[in-house]
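Working notes, beginning with the structure itself.
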Amino acid sequence: MKIDSENTSLFNHQSVMVDEIIYFIDNCQEKESNNFIGIDATLGGGGHSYQLLKKFPNLKIIGIDQDPYAIEAASNTLNIFKNRIEIINTNFSEFIPRQKVSFLIADLGFNSNQIDTAERGFSFQKDGPLDMRMNPNQKITAEKLIKYLTEKELADLIYEYGNERLSRRIARKIKDDLATKGAYSGTKELAYTIAGCFPPKQRYRKIHPATKTFQALRIAVNKEIDALELLLNNSTKWLLPGGLISIISFHSIEDRIVKNFFKNAENLFNLTKKPLIPLKDEVQKNKRSRSAKLRVAKFQ
């Protein structure tokens with residue numbers, strides 16, 4: 001796939017809770033050894049990896065991302081550490097490391113490039129196609145998803161992944177529109193349609209009424225929950241004794257899955273019984289960090 005250099009140049013994603021990640025990794029047992037290797041399972045623009053490689057001069061990182069725009073941006077950002085970073089373009093659920101590592105980090109939020117680039121169809125703030133694919137090479141888009149799901153399947157998806165109580169009404173309206181009017185022109189038209197399913201007083205609140213439905217569609221298009229569960233189940237096979245797994249989530253579904261896995265896994269010791277959240281200074285500088293939650297566990 002050809003990368004749009006303009007989209008790559010606009011890749012200005014701010015990594016979340018970098019200081020907290022560094023704090024925990026600073027206590028890794030392997031940090032002074034020549035075998036100090038970590039996995040950044042959601043490389044993004046390379047923000048977390050950059051700070052970790054800068055902090056620990058003997059560290060090597062395997063950086064993974066399924067988004068080719070992120071891979072291109074991270075390659076540029078991390079070029080000064082090119083001898084200590086291996087970048088792999090794949091979904092972390094499909095990755096198998098060649099050796100065990102000292103830590104694994106994953107930031108499950110979608111990045112600023114995905115939100116701000118209208119052509120990628122993640123946001124209704126700017127009109128774009130109903131796409132929402134983190135990996136532009138995969139076949140299923142949001143447009144195809146709402147077309148091929150039944151009304152019940154769509155309602156269940158919106159409820160399960162978006163916690164949207166009006167899921168049935170929204171699904172019915174979407175399927176009726178597709179049957180009578182054809183495909184939506186883009187993200188703004190779909191968002192407008194979803195907003196119309198709400199009572200007038202609820203349409204103009206701080207959080208747009210289409211937010212939960214768009215979240216649900218994005219999760220489903222990218223199979224984010226399945227991928228997260230695979231990552232967690234594989235993580236203990238990848239870690240050395242004393243190794244750390246650090247997960248940053250941005251909504252309750254992901255956080256609950258991580259919480260329960262850390263709680264129930266026999267060979268993990270939970271270092272954060274309650275999730276850490278960004279400090280006020282970080283939230284003021286980066287409003288998108290406000291919903292982040294960090295959980296960390298140690299492999300025993």
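The values are calculated or read from the model by the stated rules, or taken from the named source; none is laboratory data. Computed from a predicted model, the values in this text were never measured in an experiment. Counting neighbours? That spans all protein chains shown, and the Cβs are built from the backbone with ideal geometry, glycine included. Accessible surface is based on the protein model in full, side chains and every heavy atom, while ligands, DNA and RNA are left aside. Shrake-Rupley method; radii C 1.70, N 1.55, O 1.52, S 1.80 Å.
Count the DSSP beta bridges whose two residues both fall in the chain, then state the antiparallel fraction as a percent rounded to the nearest 5.
Around 35 percent of the beta bridges assigned by DSSP in the chain are antiparallel ones.
I'd like the accessible area for Y161: 1.4 Å probe, protein heavy atoms, all chains in place, Å² to the nearest 10.
40 Å²
What are the residues whose amide H is under 5 Å from the amide H of I39, where those residues sit 5 or more places off or on another chain and H is modelled from the backbone?
I62, F103, L104, I105
Placing +1 on the Cβ of each Lys and Arg and -1 on the Cβ of each Asp and Glu in the chain, which of Y69, G121, I80 has its Cα farthest towards the positive end of the resulting dipole?
In the chain, that residue is G121.
Please report the spacing between the Cα centers of region 258-300 and region 214-246 in Å, no decimals.
Spelled out, the Cα-based centre of one part sits 14 Å from the other.
Name the most mobile residue of K280, K237, K181, meaning the one with the largest mean-square fluctuation, in a Gaussian network model of the chain with Cα contacts below 10 Å.
Looking only at K280, K237, K181, the biggest GNM fluctuation is shown by K181.
Among E143, E266, E254, which one shows the highest mean-square fluctuation when the chain is modelled as a Gaussian network with alpha-carbon springs under 10 Å?
Top of the fluctuation ranking is E266.
Anyone know which of D19, D65, D116 comes out most mobile in the 10 Å Cα GNM of the chain?
Among D19, D65, D116, the largest mean-square fluctuation in the Gaussian network model of the chain belongs to D19.
Between D127 and Q300, what length comes free when the chain is fully extended (0.36 nm per residue of separation minus the Cα-Cα distance, one decimal in nm)?
Net length gain for the segment: 57.4 nm.
For region 74-90 and region 105-176, what is the separation of their C-alpha centers, rounded to whole Å?
The two parts, judged by their Cα centres, are 30 Å apart.
Would you work out which of L130, F103, A171 lies farthest towards the positive end of the dipole of the chain, given +1 charges on the beta-carbon of Lys and Arg and -1 on that of Asp and Glu, about the Cα centre?
Of the candidates, A171 comes out farthest on the positive side.
Calculate one ³J(HN,Hα) per residue across region 124-139 by plugging θ = phi - 60° into the Karplus curve 6.51 cos²θ - 1.76 cosθ + 1.60, and present them in order as whole Hz with x for glycine and proline.
9, 5, 10, 6, x, x, 7, 10, 6, 7, 6, 9, x, 8, 6, 7
For the pairs K60/K287; K144/K212; K263/K298, flag any whose C-alpha to C-alpha distance is greater than 21 Å.
Details: K60/K287 31 Å; K144/K212 19 Å; K263/K298 12 Å.
Exceeds cut-off: K60/K287.
Summing -39500 (n - 2.57) over the DSSP H runs of n ≥ 4 in the chain and dividing by its residue number, what mean residue ellipticity at 222 nm do you reach, to the nearest 500 deg cm²/dmol?
Computed ellipticity for the chain at 222 nm equals -12000 deg cm²/dmol.
Enumerate the calculated ³J(HN,Hα) couplings along region 165-182 in order (Karplus 6.51 cos²θ - 1.76 cosθ + 1.60, θ = phi - 60°), each rounded to whole Hz, writing x wherever the residue is Gly or Pro.
Once θ is set to phi - 60°, the couplings for region 165-182 become 6, 9, 4, 5, 5, 5, 4, 4, 5, 4, 5, 5, 4, 5, 6, 9, 10, x Hz.
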